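The values are calculated or read from the model by the stated rules, or taken from the named source; none is laboratory data. In this text, all values refer to a predicted model and were calculated from it rather than measured experimentally. Virtual Cβ from ideal backbone geometry, glycine too; neighbours counted across all protein chains shown. These area figures cover heavy atoms from the full protein model, side chains too; ligands, DNA and RNA do not enter into them. Shrake-Rupley method; radii C 1.70, N 1.55, O 1.52, S 1.80 Å.
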Amino acid sequence: MSDLYQAHDINYRGENCGVHNWMTQDGHSFYWHPDWLHIAEDETGMHVKQPLELAPGEAPQKHHAIKAILHYLNGLTGQ
């Protein structure tokens, strides 16, 4: 079994005022708003955790935020 985080390992907690929230089983929260080019550890977006990976001219989408969260979490595990 892999130690890497997968999309099903983060729980989508909904959206409030345009800010989307995910939480891991161990209680780490991640936030993203469509205007942000990063995921953050707070609802204001001021505490950046990981930039989104976008192709030139590509608009940020929810799936980019999920990918950034997984990239961040898997970087913590040393994978």
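Tell me the mean residue ellipticity at 222 nm calculated for the chain from its helices only (DSSP H runs of n ≥ 4, each -39500 (n - 2.57), averaged over every residue, nearest 500).
Per the formula, -6000 deg cm²/dmol.
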Please report, as a whole percent, how much of the solvent-accessible surface of the chain comes from carbon and sulfur atoms (probe radius 1.4 Å). 52 percent
Go through [x] 3, 17, 28, 26, 16, 7, 2, 0; [y] 3, 13, 16, 20, 21, 14, 8, 4, 1; [z] 3, 17, 33, 31, 13, 2 and flag the label whose value is the computed P(r) over Cα pairs in 5 Å bins from 0, in percent for this structure. [x]
Ranked output for segments 68-74, 38-44 by mean other Cβ atoms within 10 Å, highest leading, reads 68-74, 38-44
Accessible area (Å², per residue) of the chain, counting only protein heavy atoms and a probe of 1.4 Å: 64 Å²
Describe numerically, in nm with one decimal, the distance between label points set 7 Å from Cα along Cα→Cβ at Asp35 and at Lys67. 2.4 nm
What distance in nm separates the two pseudo spin-label positions at Val48 and Asn74, each 7 Å out from Cα along the beta-carbon direction? 2.2 nm
